[in-house]
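Structure first, then comments.
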Amino acid sequence: MTHATKAIYRLILSDYVKVSKGSVEDMLYNEQDIIQSMDKIEVIDFHQTLEVNGIRFWCYTAGHVLGAAMFMVDIAGVRVLYTGDYSREEDRHLRAAELPQFSPDVCVIESTYGVQLHQPRVVREKRFTDVIHNTVAQGGRVLIPAFALGRAQELLLILDEYWSAHPELHNIPIYYASPLAKRCMAVYQTYINAMNERVRAQFEVSNPFDFKHISSLKSIENFDDVGPSVVMASPSGLQSGLSRQLFDMWCQDKKNACVIPGYVVEGTLAKTIINEPKDVTLSNGLTVPLNMQVHYISFSAHADYGQTFEFLKDLMPPNIILVHGEANEMGRLKQKLLAQLPDKNTKILTPKNCQTVEMHFNSEKMAKAIGRLAEKIPKEGEHVNGLLVKKGFTYQIIAPEDLHIFTQLSTGNIAQRISVPYEGAFSVIRHRLKQIYESVEPLGDPTESPTALLVHDRVTVKQENTKCVSIQWSTDPISDMVSDSVVTVILNINRGIARVGVMGEGVTEEEMERTAEKVVLALLNSLFGDVKRVAGEEGKMVVSVDGVVATVDSKSGVVECENEGLKQRLRTALRRIKSAVKPIPLQKISPFCYLERKL
């Protein structure tokens, strides 16, 4: 949460503990729980980006109350904006909610006022001050039931400024009767820099929250009700507390007035008297006539339809989730937004409390090349060779040499060595390995019979004595695979599988090609059924499948056939067969993963 919110959080939760009338067992939390929770709070500045387990988030000014924030959450490239309570209208002390610089994929937004529209602020302020001025001028009392936080401070600024401009009202007292509001005032004075330009400029001259014509009222016992006065008291719904006590005292006098300055909840007395009933029920159960004037002048810091529509039209999120509103108002807002938003494909949901909303997003996974790999732009089809590093939901390709620079990881080499029992001729091992790998080079004196081999430029095979050979290599995926195959070859020789004599060393290249051709013929015959050599044309074969004839050149790999499907199958089969019968060629293969990036 933001710094100001943390300061207010402690005050509000402590106030609940103090005013709670339930037993200790029924309370949701106590003062000790609040103290322990303070240590678990991490504060965030507006526009500061934090990351937790790969989830990135940052916040914007929400304009609702001091410290209120809208959060943008980025999960694997999917951005969700959660507005919470917000207002796009700048008032006397708060900035308007910011407009994020880019559109989110999902916007979870409040719908408190549905399709209703607020009056312009100047009009509301004039109505508010006119009602109060006229009431006290006639000897009446004004009750303003308000929340202790947010609107209370806004209305007190309006009243103090109005009283300063009207000397004839200086003998009329103004009280704010909320201990919580008084404690919150210290927070407002601390976080002046979090407010709008108007308040910051005024603070250079004097503290705008050091009111000249307003004082606090601790309780009704300290209230000297002897003439006209203005009292701002909580709670805003008139359901209990000092605001309800004053209402019961003043509601039968037609000279008095009750100004309801914000959103009222269904089922509260404040909601009831807005409809101006003839009678009301007091706290003691008596029913009395409602003679006092009731004025509903909304200073609510929740967005109205106009603000909501303009906000969403500028952002244009493809998915909108409406929350914090009555079901009917949410439904009306949804239909009006669908009709007026430019993008008719916008999806709008109005879930009930505790209802799960499931959405599916298909996003491309992108890996960014950094460090020395980013110095050169690869051509189309070119391989990018490096380490793929995943952090949270982001991917990076890093050269092994740069790993310690851009991460907290580092590279290392593991040398492995194993001994394999073997009592046969070392030349047999060499012959068998040459059948598998193209690169099998002797090590040591070239004039002597080799007792060590370098296989595929990676694995060293050495005859230690007449009873065993050793295999050594530096661990990586390719070298591990080559070493496994070398061990398998040696073990198979020991078991007498497919015994090989040294006489194979004298086989000519022509004989090897004829042998390879026989293998190709046999394998094609097993795959396609009817395969015959073409007489007089070396390497050429005819394949017949269901009356369709194809000609195959096993040397060049050329396939001729009118049926494109059979032609493609033969090409694929021929390529795989030729790859299998030839030794594995030596290539510059990195022990790290291959990544192919298409430009």
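Inside region 331-442, counting only strands (runs of 3 or more DSSP E) that do not spill past its ends, which hold 1 or more residues that are in contact with a Leu (Cβ under 9 Å, 6 or more places away or on another chain), of a type outside the set (Phe, Trp, Tyr) and within 30 Å of residue 487 (Cα to Cα)?
Values: elements: 347-349, 367-369, 383-385, 387-391, 394-398, 415-421, 440-442.
Fully inside region 331-442 and qualifying: 383-385, 387-391, 415-421, 440-442.
Can you tell me which residue is farthest from residue 214 (Cα to Cα) among those in region 127-170 that are in contact (Cβ under 8 Å) with a residue 60 or more places away in the chain and part of a loop (DSSP other than H, G, I, E, B)?
Once the filter is applied, the top-ranked residue is 138.
When residues of region 302-327 are filtered for being closer than 29 Å to residue 125 by Cα, open to solvent by less than 40 Å² (accessible area, probe 1.4 Å) and touching a strand residue (DSSP E or B) at 6+ places or on another chain (Cβ under 8 Å), how many remain?
6
Conditions first: (1) part of a helix (DSSP H, G or I); (2) over 26 Å from residue 147 (Cβ atoms). Residue 80 passes all but one, so which condition is the exception?
All conditions pass for residue 80, except number (1).
Inside region 443-452, can you point out the residues that are out of contact with any Lys or Arg (no Cβ under 6 Å at 6 or more places or on another chain) and surrounded by 15 or more Cβ atoms within 10 Å (Cβ to Cβ)? So that I can check it myself, show each step before the final result.
Filtering region 443-452 for residues out of contact with any Lys or Arg (no Cβ under 6 Å at 6 or more places or on another chain) gives 443-451.
The answer is 450, 451.
How many residues are surrounded by fewer than 16 Cβ atoms within 10 Å (Cβ to Cβ) and modelled with pLDDT under 90 if we restrict to region 420-434?
4
Give me the pairs: first residue in region 340-354 and touching a residue at least 24 places away in the same chain (Cβ under 8 Å), second residue of a type in the set (Lys, Arg) and outside any loop (DSSP other than H, G, I, E, B), beta-carbon distance under 7 Å, and six or more apart or on different chains, which are they?
So the pair list comes out as 341/313; 342/313; 348/334; 350/334.
Does residue 440 meet the test of being in contact (Cβ under 8 Å) with a residue 40 or more places away in the chain and either among the β-branched types (Val, Ile, Thr) or on the phi < 0 side of the Ramachandran plot (or both)?
Judged against the criteria, residue 440 is not a match.
Restricting attention to region 280-301, which residues are at pLDDT below 90 and open to solvent by less than 30 Å² (accessible area, probe 1.4 Å)?
298, 299, 300, 301
Evaluate the following for residue 522: is it open to solvent by 70 Å² or more (accessible area, probe 1.4 Å) and at pLDDT 80 or above?
Details: open to solvent by 70 Å² or more (accessible area, probe 1.4 Å): no; at pLDDT 80 or above: yes.
When the stated conditions are applied, residue 522 does not pass them.
Could you pull out the residue among 458, 417 that is under 13 Å from residue 472 (Cα atoms), touching a residue at least 24 places away in the same chain (Cβ under 8 Å) and loosely packed, with under 13 Cβ neighbours inside 10 Å?
417
Suppose we filter region 222-260 for residues that are more than 16 Å from residue 280 (Cα to Cα) and among the small types (Gly, Ala, Ser); how many remain?
Selection size over region 222-260: 6.
Within region 443-466, can you find the residues that are outside any strand (DSSP E or B) and either closer than 28 Å to residue 412 by Cα or modelled with pLDDT of 90 or more (or both)? Break it down stepwise before answering.
Here is the first cut: in region 443-466, the ones outside any strand (DSSP E or B) are 443-451, 456-458, 466.
Matches in region 443-466: 443, 456, 457, 458.
With under 13 Å from residue 425 (Cα atoms) and not hydroxyl-bearing (Ser, Thr, Tyr) as the only criterion, which of 450, 446, 477 stands out? If you could, list the steps in order and put the result at the bottom.
Numbers: 446 fails: under 13 Å from residue 425 (Cα atoms); 477 fails: under 13 Å from residue 425 (Cα atoms).
Going through 450, 446, 477 in turn, the sole match is 450.
I need a count of the residues in region 547-572 that are touching a helix residue (DSSP H, G or I) at 6+ places or on another chain (Cβ under 6 Å) and touching a residue at least 40 places away in the same chain (Cβ under 8 Å).
0
Do any residues in region 257-271 that are at negative phi and open to solvent by 60 Å² or more (accessible area, probe 1.4 Å) have Cβ atoms under 9 Å from those of residues that are of a type in the set (D, E, K, R) and part of a loop (DSSP other than H, G, I, E, B), where the two are at least six apart or on different chains, and which pairs are they?
Close Cβ pairs satisfying both conditions: 266/326.
Scan region 375-390 and give yes if some residue there is under 30 Å from residue 52 (Cβ atoms) and free of Cβ contacts under 8 Å to residues at least 40 places away in the same chain, otherwise no.
Yes, because at least one residue in region 375-390 is under 30 Å from residue 52 (Cβ atoms) and free of Cβ contacts under 8 Å to residues at least 40 places away in the same chain.
A quick yes/no check of all residues on (1) under 15 Å from residue 154 (Cβ atoms); (2) β-branched (Val, Ile, Thr); (3) surrounded by fewer than 16 Cβ atoms within 10 Å (Cβ to Cβ); (4) out of contact with any strand residue (DSSP E or B) (no Cβ under 6 Å at 6 or more places or on another chain):
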{"position": "171", "(1), (2), (3), (4)": "no, no, yes, yes"}
{"position": "180", "(1), (2), (3), (4)": "no, no, no, yes"}
{"position": "183", "(1), (2), (3), (4)": "no, no, no, yes"}
{"position": "186", "(1), (2), (3), (4)": "no, no, yes, yes"}
{"position": "193", "(1), (2), (3), (4)": "no, no, yes, yes"}
{"position": "197", "(1), (2), (3), (4)": "no, no, yes, yes"}
{"position": "205", "(1), (2), (3), (4)": "no, yes, yes, yes"}
{"position": "220", "(1), (2), (3), (4)": "no, yes, yes, yes"}
{"position": "224", "(1), (2), (3), (4)": "no, no, yes, yes"}
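Residues checked against (1) modelled with pLDDT under 90; (2) open to solvent by less than 50 Å² (accessible area, probe 1.4 Å); (3) of a type in the set (S, T, N, Q):
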| position | (1), (2), (3) |
| --- | --- |
| 66 | yes, yes, no |
| 70 | no, yes, no |
| 83 | no, yes, yes |
| 97 | no, yes, no |
| 115 | no, yes, no |
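Assess whether residue 371 counts as being open to solvent by less than 60 Å² (accessible area, probe 1.4 Å) and at pLDDT below 85.
Numbers: open to solvent by less than 60 Å² (accessible area, probe 1.4 Å): yes; at pLDDT below 85: no.
No: the conditions fail for residue 371.
So in region 117-138, with the set limited to residues that are among the aliphatic types (A, V, I, L, M) and farther than 23 Å from residue 196 by Cα, which one is surrounded by the fewest Cβ atoms within 10 Å (Cβ to Cβ)? Reasoning before the result, please.
We begin by selecting, within region 117-138, every residue among the aliphatic types (A, V, I, L, M); these are 117, 122-123, 131-132, 136-137.
Retained after the next criterion (residues that are farther than 23 Å from residue 196 by Cα): 117, 131-132, 136-137.
Details: 117: 10, 131: 17, 132: 25, 136: 24, 137: 12.
Residue satisfying both the conditions and the ranking: 117.
State which residue pairs qualify: first residue touching a residue at least 40 places away in the same chain (Cβ under 8 Å) and inside region 201-219, second residue open to solvent by less than 50 Å² (accessible area, probe 1.4 Å) and among the β-branched types (Val, Ile, Thr) in any location, beta carbons under 7 Å apart, and separation of 6 or more residues or different chains.
From residues that are touching a residue at least 40 places away in the same chain (Cβ under 8 Å), the pairs are 208/199; 213/174; 214/174; 217/231.
Restricting to region 314-325, name every residue that is touching a helix residue (DSSP H, G or I) at 6+ places or on another chain (Cβ under 8 Å) and not β-branched (Val, Ile, Thr).
Across region 314-325, the qualifying residues are 322, 325.
Got at least one residue in region 581-598 being open to solvent by 40 Å² or more (accessible area, probe 1.4 Å), under 27 Å from residue 431 (Cβ atoms), part of a helix (DSSP H, G or I) and modelled with pLDDT under 75?
Within region 581-598, one or more residues are open to solvent by 40 Å² or more (accessible area, probe 1.4 Å), under 27 Å from residue 431 (Cβ atoms), part of a helix (DSSP H, G or I) and modelled with pLDDT under 75.
If a residue has to be buried (at least 20 other Cβ atoms within 10 Å of the Cβ) and without any contact (Cβ under 8 Å) to a residue 40 or more places away in the chain to count, how many in region 247-256 make the cut?
Taking region 247-256 first, the residues buried (at least 20 other Cβ atoms within 10 Å of the Cβ) are 247, 250-251, 256.
Next, from what is left, pick out any that are without any contact (Cβ under 8 Å) to a residue 40 or more places away in the chain: none.
Residues that pass the stated criteria total 0.
In region 1-59, what residues are open to solvent by 80 Å² or more (accessible area, probe 1.4 Å), at pLDDT 90 or above, closer than 26 Å to residue 70 by Cβ and not acidic (Asp, Glu)?
Scanning region 1-59 gives 40, 47.
The values are calculated or read from the model by the stated rules, or taken from the named source; none is laboratory data. What you are looking at is a predicted structure, and each value in this text was computed from that prediction instead of being measured. Neighbour counts are summed over all protein chains in view; Cβ atoms, including those assigned to glycine, are modelled from backbone coordinates with ideal geometry. Side chains included, ligands, DNA and RNA excluded: accessible areas come from the protein's heavy atoms. Shrake-Rupley method; radii C 1.70, N 1.55, O 1.52, S 1.80 Å.
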